[in-house]
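The structure under discussion appears below in the form of structure tokens.
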Amino acid sequence: MRKALLMILTSVVLQVVAQDTLQTEQPEKKMSWLRRTIRGFSYVDERYVEPQHYNWSVMLQATHTYDYYRLSTSGSDGQSVWLSPEPNFKVGPYFGWRWVFLGYTFDLKHVDVDMKDLKQEIDLSIYSAQIGADIYYRRTGVDYKIRDLKLGKNVNTDVMEGLPFGGISVGITGVNLYYIFNHQRFSYPAAFAQSTIQKISCGSWMVGVGYTKNSIEFDHEKLQSEIDERMGPQAIKLDSGLMFNSVKYYNISASVGYAYNWVFAKNCLFCSSLSLALAYKRSRGETEKGEKYHFDINNLNIDGVGRFGLVYNNMRWYAGASVIVRAYNYRNSRFAANNIFGSLNMYIGYNFGARSRYKKQKG
């Protein structure tokens, strides 16, 4: 995992360094074969994409994160429970030099909450002209609530909706790498990194690979106890498919997708992107009967990632919003888990410190 992450970061850094070399005047000397290769690999058509003119940037960003989890059993009369934590809202400053952006956001809603009770989140997306990467690490806190519960036909479970439930813990760690075919004319950074400007509407197909590790810890006895307390001892019992203590599954995926940048006015851009992945999952779980009842399952599922961005960028000032949604699915003959999570980012920023190529234009 560490080697794969290092390879991805190295590749993306080479991409961005190459892009920077295109935006500075080169001395009259023969370039090395490596530099020529990197430069050609990251070439952009400036009729369609305007490169970044500045070295430095400051930005203020507000981030809203969301997370939904559904556990269900199979069959026409199957049971299911929808769970989600309270949404987080964070805000903070960022400071950037060329392709390096560092910052910190403060959780405004949980200022007085013990840090060990909060979710742990790292969600990093790196956008270069030709290659992109997603790296994410998430561990839930203890603030889940039951949003919807179905125990069978004609069973009213309204009394359970909105009930706090601390009997689930979810973790996900993953990395995705994708290649943009029409990278010379289509710019992902224009929509999600604000480092270029898309001049003419354009789209591109993408392909990618990914690795994800998921874990679910579930206290089904606690859920049954809450059902009995709220609905009475005559309440329907949980299906055996939901009576598990833990599930861990690992998946390797191959994806294909399409993205389109719509330039609907000068310096204004709307981007829509969708990728679907065929994921091979290998899982291991523990049922309610204890350690000796482990199960191993190999299967294929469809996962997805959607990205949407709205940006105004006149190269000096920029502002906008972006949404990233990820959906991961797991299913076997008795049980299914669906996880949807993502973030909404709203930002405003300012670029300064013109690069050498553009100093005369700014002067």
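The values are calculated or read from the model by the stated rules, or taken from the named source; none is laboratory data. The structure displayed is predicted, hence computed values, not measured ones. Cβ: placed from backbone, ideal geometry, glycine included. Neighbour counts: every protein chain shown.
So the values come out like this:
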| quantity | calculated |
| --- | --- |
| Search result, residues across the stretch 171-204 that are of a type in the set (Val, Ile, Thr) and under 14 Å from Cys268 (Cα atoms) | Thr196, Ile197, Ile200 |
| Members of the stretch 322-343 found to be touching a Leu at 6+ places or on another chain (Cβ under 7 Å) and surrounded by fewer than 19 Cβ atoms within 10 Å (Cβ to Cβ), listed by number | Val323 |
| Flag for Gly285 being at pLDDT 85 or above and surrounded by 17 or more Cβ atoms within 10 Å (Cβ to Cβ) | no |
| Unmet requirement for Ser246, which otherwise passes all of (1) at pLDDT 85 or above; (2) in contact with a strand residue (DSSP E or B) (Cβ under 8 Å, 6 or more places away or on another chain); (3) closer than 22 Å to Asn332 by Cβ; (4) surrounded by fewer than 20 Cβ atoms within 10 Å (Cβ to Cβ) | (1) |
| Residue in the stretch 92-136 that is farthest from Val175 (Cα to Cα), counting only those that are outside any strand (DSSP E or B) and modelled with pLDDT of 75 or more | Ala129 |
| Of all residues in the stretch 130-161 being among the aliphatic types (A, V, I, L, M) and within 20 Å of Val323 (Cα to Cα), the one that is farthest from the chain's Cα centre (by Cα) | Ile131 |
| Filtered residue count, the stretch 225-263, keeping only those that are touching a residue at least 12 places away in the same chain (Cβ under 8 Å) and either within 28 Å of the chain's Cα centre (by Cα) or at positive phi (or both) | 21 |
| Answer from Val49, Val16 - the residue that is surrounded by 15 or more Cβ atoms within 10 Å (Cβ to Cβ) and at pLDDT below 90 | Val16 |
| Any hit, the stretch 294-305, residues being more than 16 Å from Arg331 (Cα to Cα), under 19 Å from the mean Cα position of the chain (by Cα) and at pLDDT below 95 | yes |
| Subset of the stretch 330-347 that is of a type in the set (Ser, Thr, Tyr) and under 23 Å from Asn245 (Cβ atoms) - its residue that is modelled with the highest pLDDT | Tyr330 |
| Ala319 part of a strand (DSSP E or B), within 12 Å of the chain's Cα centre (by Cα) and surrounded by fewer than 19 Cβ atoms within 10 Å (Cβ to Cβ) | no |
| Some residue of the stretch 147-156 being surrounded by fewer than 19 Cβ atoms within 10 Å (Cβ to Cβ), touching an Asp or Glu at 6+ places or on another chain (Cβ under 9 Å) and hydrophobic (A, V, I, L, M, F, W, C) | no |
| Flag if Ala327 is modelled with pLDDT of 90 or more, farther than 16 Å from Ile216 by Cα and not hydroxyl-bearing (Ser, Thr, Tyr) | no |
| Single residue of Ile168, Ile200, Ile252, Ile227 found to be surrounded by 16 or more Cβ atoms within 10 Å (Cβ to Cβ) and within 30 Å of Ala133 (Cβ to Cβ) | Ile168 |
| Identity of the residue in the stretch 344-353, surrounded by fewer than 17 Cβ atoms within 10 Å (Cβ to Cβ) and among the aliphatic types (A, V, I, L, M), that ends up farthest from Val325 (Cα to Cα) | Ile348 |
